[in-house]
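Below is one structure, written out as structure tokens, with a few remarks after it.
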Amino acid sequence: MDDVVIIGGGIIGVATAYFLSKEGRKVKVIEKDPSYKEASFPLSLGGFRRQFFQKENILLGKFARDFIFQIPELLKTKKNPNPTASMVPNGYLLMFGPEHAEEQYRALENHKECGAGTKNIKGSELSKVFSYINDEGIETATYTDDKSEGWIDPFMFHGALKSKATELGAEFIKGEIKEISEINAKIIISAAGCWTKKILNDIPVIPQKHTVFRVKCPTYISEMPLSADLTTGVYWRPEGKEYLAGSPKSTFDATNLEPAWDDFEELVWPALAKRIPMFEELKLTGAWAGFYDHNQLDSNAIVGKHPKYENVYMASGFTGRGLQQAPGIGRALTELITTGSYQTIDVSAFNVERIFSKEARPEPYVL
């Protein structure tokens, strides 16, 4: 009998393997596609933030930042003595219209309670801080400029975690699990992402396809934060000498990862040009699509022991936040498994039981 078997070797799986291996547990990670061609984490924008509504998400974002800053020390190995994730701490900027302003003011109370360090300004003051932005229709905005938020290279982060977990004794093997009953282990952890429902059909996590566009503009602002206009749902950030911009439109039950090319002309470009006039001169240079592991109940993570099994735990439904929440969730699951309770960040609000009782804990700020 194995000690711990993790189904899924994506970012949540490797982070959990790392933390459990640190505690001396013998971990086996089973991944159906070690190339991670359709995995969620490498197709994301790599962002890490603490600007959320739910306190748990704020605290997980804070932990991610602290962990990422310590990668060179925490994840160094004999084979990789100088690990990095190419962090860009440009911050985040979230802009809200009148319809979302009151909700954001409530969120700011949670930010303050959690020590998020978020700054808040009126929409009319935006151009004083971000001179290139048109503040039309913006009631309020929040941002950080203290290197507490930004983005990283997803592949490098995953690789560093996997390398360290392997050095600590974790075993990574190729294989596809179709039934929980196939596994004989003391502890089973489902970290199958958007394919969770294939293994645990009572968990409402399904693939949600999102498209990201690569664009070029004559004016390039390298210090621009990862920005989101919540009046349109469009978000963007600099990348190299270009920009990446995400479509607000998603697709369920997609059978492939072909980008939704029409979204650019219909939704993304008009929204970008309205909010940042210099983006009127954009040129589309490429695109890709990726899956979110979307939790249909409330767009929040599902973490903890599955009540219908004696030894099954799960971590799924991150709805686009898996990369940044992986360190905190990996640590939380390790605490739960090794001590019986959460010791640092209490993520019991994300428990599996709420799925069956349909007690939603919505996270409104999904990008």
Looking only at region 246-286, count every residue that is open to solvent by 70 Å² or more (accessible area, probe 1.4 Å) and either under 20 Å from Ile221 (Cβ atoms) or touching a Pro at 6+ places or on another chain (Cβ under 9 Å) (or both) and tell me the total.
6
Return the total of residues in region 1-45 being in a loop (DSSP other than H, G, I, E, B) and within 18 Å of the chain's Cα centre (by Cα).
10
With the checklist (1) of a type in the set (Gly, Ala, Ser); (2) free of Cβ contacts under 8 Å to residues at least 40 places away in the same chain; (3) touching a Gly at 6+ places or on another chain (Cβ under 6 Å) in hand, flag the one item Gly123 doesn't pass.
(3)
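Of all the strands (runs of 3 or more DSSP E) wholly in region 119-196, which have at least 1 residues that are closer than 25 Å to Phe67 by Cα and open to solvent by less than 20 Å² (accessible area, probe 1.4 Å)?
Output list reads 140-143, 185-190.
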Pairs returned, first residue in region 253-277 that is at pLDDT 95 or above, second residue that is surrounded by 14 or more Cβ atoms within 10 Å (Cβ to Cβ) and assigned to a helix (DSSP H, G or I), beta-carbon separation under 6 angstrom, 6 or more apart or interchain, are Leu272/Phe279; Ala273/Phe279
Filtered residue count, region 45-64, keeping only those that are over 13 Å from Glu109 (Cα atoms), charged (D, E, K, R) and surrounded by fewer than 24 Cβ atoms within 10 Å (Cβ to Cβ):
1
Going through Pro307, Pro327 one at a time, which residue ends up being closer than 23 Å to Ile206 by Cβ, out of contact with any strand residue (DSSP E or B) (no Cβ under 9 Å at 6 or more places or on another chain), at pLDDT 95 or above and not in a strand (DSSP E or B)?
Pro307
When both residues are 6+ apart or on different chains and their Cβ atoms are under 8 Å apart, which pairs have a first residue that lies in region 308-330 and is more than 18 Å from Asp298 (Cβ to Cβ), and a second that is surrounded by fewer than 24 Cβ atoms within 10 Å (Cβ to Cβ) and acidic (Asp, Glu)?
Lys308/Asp202
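The values are calculated or read from the model by the stated rules, or taken from the named source; none is laboratory data. All of these numbers come straight from a predicted model, not from anything done at the bench. Please note: Cβ atoms are built from the backbone with ideal geometry, for glycine as well, and neighbour counts cover all protein chains shown. For the accessible areas, the whole protein counts, side chains as well, though only heavy atoms, and no ligand, DNA or RNA atoms are used. Shrake-Rupley method; radii C 1.70, N 1.55, O 1.52, S 1.80 Å.
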